[in-house]
Amino acid sequence: MASLSAGVLDFSGQVIELQRNIQTTWPGGVFASDSLSEIRITSAFAGTDNTIAFLPGRNRLGKLVLDRSANFQVVGGLPVTPHIRLNTPLVITGELELKDGEFFNGSGLTMKSGSRIIRTTDAGFSSTTLVAPAVGPYHIVYRDGIKAGPMVSGKEGEGTIGICEVSVSDQVIVASGVGRVGELRVTSGTADCSGSVLSADSVSISGA
């Protein structure tokens with residue numbers, strides 16, 4: 001496990017990959033980054049308290065990738081859901097890619113205008129996340145993961161959405177919290193909006 005109890009780890013302009021547990025908490029040890037920085041959270045190992053925290057004013061990321069397998073560890077006889085908890089404000093200028101695992105937004109995730117959230121059927125925002133991404137408008141892309149079947153839109157869909165793109169083999173169930181998008185694109189699969197009053201400036205359907 002890596003634990004930053006004091007000081008600043010500056011990886012501006014660099015890519016770091018976190019393959020084990022990581023604990024950083026403001027005002028103790030924190031990361032410092034810029035729009036050219038990238039964090040990749042990978043491997044099949046994670047405990048119950050993985051946290052990332054950033055130095056105020058040095059909290060931009062070009063890309064954040066969460067890719068941790070769901071079947072990796074048992075604590076107290078129960079499987080532990082992989083996750084990363086954001087403990088301080090963070091600005092994503094390029095892309096947040098949720099490939100596998102849970103992302104907990106606890107402290108102000110901001111998506112810059114034109115940035116993207118890519119989410120697969122294996123990943124998403126934690127069910128305990130109360131706060132949707134801020135600012136935008138950003139682009140959401142729903143894709144297939146290893147796990148098959150429908151997926152339900154989460155907190156990622158409750159911010160200011162420029163483009164919502166459905167590109168799955170099954171369906172994306174648009175939850176009631178998603179109210180308005182600039183453009184709804186269905187390139188494959190089905191966008192099920194039956195439970196949501198969805199307003200879109202334009203709709204493009206080349207799939208189902």
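Points to keep in mind about this one:
- Calculated FRET efficiency for the pair ILE146/VAL197, C-beta based, R₀ 22 Å, to 0.05: 0.10
- By accessible area, using a 1.4 Å probe on protein heavy atoms only, the chain has 52% of its surface on carbon and sulfur.
- The mean sequence distance of close C-alpha pairs (under 8 Å, at least 6 residues apart), as a share of the length of the chain, puts its relative contact order at 11 percent.
- Region 121-194: C-alpha gyration tensor shape, a/c 1.5 cut-off, then a/b vs b/c: oblate
- Linear extension gain, GLN14 paired with ILE205, 0.36 nm per residue minus alpha-carbon span: 64.9 nm
- Label zone at ILE173 (point 7 Å along Cα-to-Cβ), backbone N below 19 Å, region 94-134: 119-129
- Sites matching chymotrypsin sites (Phe, Trp or Tyr not before Pro) across region 91-155 that sit in DSSP coil, with at most 11 neighbouring C-beta atoms within 10 Å: none
- Segments 143-149, 174-180, 89-95 sorted - mean Cβ within 10 Å per residue, highest first: 89-95, 174-180, 143-149
- Per residue accessible area of the chain, 1.4 Å probe, in Å²: 44 Å²
- Inter-probe distance in nm under a simple model that places probes 7 Å from Cα toward Cβ, at LYS112 and GLU183: 2.1 nm
- Antiparallel %, DSSP beta bridges [both residues in the chain], to 5: 5 percent
- Near the amide H of ILE118, within less than 5 Å, lie the amide hydrogens of LEU96, GLU97, LEU98, VAL141, all on another chain or at least 5 residues away, with H placed in the peptide plane.
- Gyration tensor (alpha-carbon) shape descriptor, region 96-147, a/c threshold 1.5: oblate
The values are calculated or read from the model by the stated rules, or taken from the named source; none is laboratory data. Being a predicted model, the structure only gives us computed values, none of them experimental. Note that we place each Cβ from the backbone using ideal geometry, even for glycine, and neighbour counts take in every protein chain shown. Side chains are part of the model used for accessible areas, which takes the heavy atoms of the whole protein and leaves out ligands, DNA and RNA. Shrake-Rupley method; radii C 1.70, N 1.55, O 1.52, S 1.80 Å.
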